[in-house]
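Heads up, the thing below is written out as structure tokens.
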Amino acid sequence: MKEHNPYWYLHVGRASELSGLDAKVYRVFEMLPGILSLSTLGMFVVLSFVNPVIAAYLTIIFSIYWLFKTFYLSIHLRHNFKRVRHNLSIDWNERLESLKYEHIVHLTIFPFYQEDYDVLSGSIRGLLESQWDMKSVVVVLAAEERAGSGAPEVAARLEREFGSRFLACITTRHPSGVAGEMPGKGSNISYAAEEARVRILDPRGIQYENVLVSAFDVDTVVYPQYFACLTWNFLTAERPLRSSFQPVPLYNNNIWEAPMLARVVGYSSSFWQMIQQERPEKLATFSSHAVPFLALYEAGYWQRNIVSEDSRIFWNLFVRYDGAYEVVPIAYPVSMDANVAPTFIGSVRNIYLQHRRWTYGVENIAYILFASLKNPRIPFRKKLRAALFQIEGFWSLATHPLILFAVGWLPLFIGGDAFNATVLSYSLPSVARTFLTVAMLGLVASAAFSMHLVPKRPPEYTRFRSVALVAQWILVPLTMVVFSSIPGLDAQLRLMLGRYLGFWVTPKSRKASLPVPKPAVST
């Protein structure tokens, strides 16, 4: 296989799928992130015992670094927020009048497992209420065989009610127990895309280069001109067939019903993606994203044997096209649900598991390093930058909040009498607190931005609920540790020890009495 396929490693998922030296090298790469993070945290603990002065100085240095990083990221957040507001004010359909776009077909895939009718119908209605000709849109309802008979029944009802309003609407049923596949979104949407090719694109003679695939989460509700904005960006991109297109995910469909913790975590995730849109050199696809069908087809669709298929597809394409592939940030939002369960404890559990799945994207580091060794056609500078960005990002995620809010304060408690008698022992709390307090002023900006992203308050909620939307940001230090560092470290340790994660499906539900979510951003 290797002799005839120069990209034989394109869909490698883990070291256990390889043999010989390749397996050993890949295993070392899998262990690397966990080793780096544990070494950093372990260094602080050891220094707190053997040389608390150095540990204290390092804590201050980290606090200063965090201050400058917060300032830097806040600037990016502000710029992207302005771009999103500007893009929402543009009539993208009017912009398209000067371009030939009637040949573009939008293939939208909604993978679902055990979600109920109301979740899916809300997403479908969102498509129908957008300002776009639905006769150029193909909808694929991607069910799972392992979900039982309920999923096909839901899909059949949706086809009956809405199918005739699209160019085509089909249901696929991803078979369970396929060798080499992991049950999850990646294997499901890959199966759905191939079914759409065989059942819709080829019979109708639709050219692959004219098809844009929007791989949506099941709860994704598009904003009114999503398709027009996406089409314009595709047609004006420098390399349209070598680019993915990333909207901004806003977790605000159910934001008024969500508890405070879920709101903070949801908005924090949205803000991080907005920041990443201002740093396209660090941007990979995430959650709901769009990809040219031709590129997908040539790369063999999304990877079927990993957890983080939404980001891995970018790296698959990056490797497949020898580094000549990029993500175009479109600074236009799509709306999804905040992670909510019937009970508070259930919400905490679900948020943790969801973020552990997201941070399991650390598995991409081993893939990038291994593919870099195997593909000499990728320019060295691109390979090095990609690897360093990913390593630094996951290392920071797992270690920095723990250092700033927990481990870094150990010298005060275990430094002993000699350290406690020094001026530094008295200075550490005040100096570090000052830097962290100034850094936390960025929360004021976050609170202000978040209020512009909230849909109109339903009549059943009082103004106190609006006040709570601002006050909730005091929870950020807690959420950074509990729902960022700890799940990130959990994911890295599992990968390091070879205890590989499977795909965990975030439960989605919606009250039947609720109207179709009305995404809104104040302009």
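The values are calculated or read from the model by the stated rules, or taken from the named source; none is laboratory data. Just so it is clear, the model here is predicted, and its values are computed rather than measured. No Cβ is skipped: glycine too gets one built from the backbone with ideal geometry, and neighbour counts run over all protein chains shown.
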Which members of region 21-46 meet the condition of being at pLDDT 95 or above, more than 26 Å from the chain's Cα centre (by Cα) and either β-branched (Val, Ile, Thr) or over 17 Å from LEU58 (Cα atoms) (or both)? LEU21, ASP22, ALA23, LYS24, VAL25
Test: residue in region 89-111 that is of a type in the set (Ser, Thr, Tyr), closer than 23 Å to PHE216 by Cα and in contact with a strand residue (DSSP E or B) (Cβ under 8 Å, 6 or more places away or on another chain): yes
Out of (1) surrounded by fewer than 16 Cβ atoms within 10 Å (Cβ to Cβ); (2) closer than 30 Å to GLY186 by Cα; (3) of a type outside the set (Gly, Ala, Ser), the odd one out for PHE110 is which? (1)
Unique residue being surrounded by 23 or more Cβ atoms within 10 Å (Cβ to Cβ), out of contact with any Gly (no Cβ under 8 Å at 6 or more places or on another chain) and not in a helix (DSSP H, G or I) when the list is ALA143, ALA196: ALA143
List every residue pair whose Cβ atoms sit under 9 Å apart, with the two residues 6 or more apart in sequence or on different chains, where the first one lies in region 10-27 and is within 19 Å of GLY361 (Cβ to Cβ) and the second, anywhere, is crowded, with 17+ Cβ neighbours inside 10 Å and of a type in the set (Asp, Glu). VAL12/ASP22; GLY13/GLU363; ARG14/GLU30; ARG14/GLU363; ALA15/ASP22; ALA15/GLU30
Could you go through region 111-125 and let me know if any residue there is out of contact with any Cys (no Cβ under 7 Å at 6 or more places or on another chain), farther than 26 Å from ASN254 by Cα and of a type in the set (Phe, Trp, Tyr). no
Single match in ALA387, ALA371 (criterion: surrounded by 21 or more Cβ atoms within 10 Å (Cβ to Cβ) and either in contact (Cβ under 8 Å) with a residue 40 or more places away in the chain or in a helix (DSSP H, G or I) (or both)): ALA371
Please work out which residue is surrounded by the fewest Cβ atoms within 10 Å (Cβ to Cβ), limiting yourself to region 286-297 and to residues that are at pLDDT 95 or above and under 17 Å from PHE234 (Cα atoms). LEU294
Applying the selection to region 157-177, what residues are in a helix (DSSP H, G or I) and more than 16 Å from ALA192 (Cα to Cα)? ARG157, LEU158, ARG160, GLU161, PHE162, GLY163, SER164, ARG165
Of all residues in region 265-280, which are in contact with a strand residue (DSSP E or B) (Cβ under 9 Å, 6 or more places away or on another chain) and assigned to a helix (DSSP H, G or I)? GLY266, TYR267, SER269, SER270, GLN273, MET274, GLN276, GLN277, PRO280
Working only within region 94-136, note down all residues that are acidic (Asp, Glu) and either in a loop (DSSP other than H, G, I, E, B) or without any contact (Cβ under 8 Å) to a residue 24 or more places away in the chain (or both). GLU94, GLU97, GLU102, GLU115, ASP116, GLU129, ASP133
Taking the options ALA151, ALA155, ALA193, name whichever one is of a type in the set (Gly, Ala, Ser) and modelled with pLDDT of 95 or more. ALA193
Only one of (1) modelled with pLDDT of 95 or more; (2) surrounded by fewer than 24 Cβ atoms within 10 Å (Cβ to Cβ); (3) of a type outside the set (Asp, Glu) fails for TYR226. Which number is that? (2)
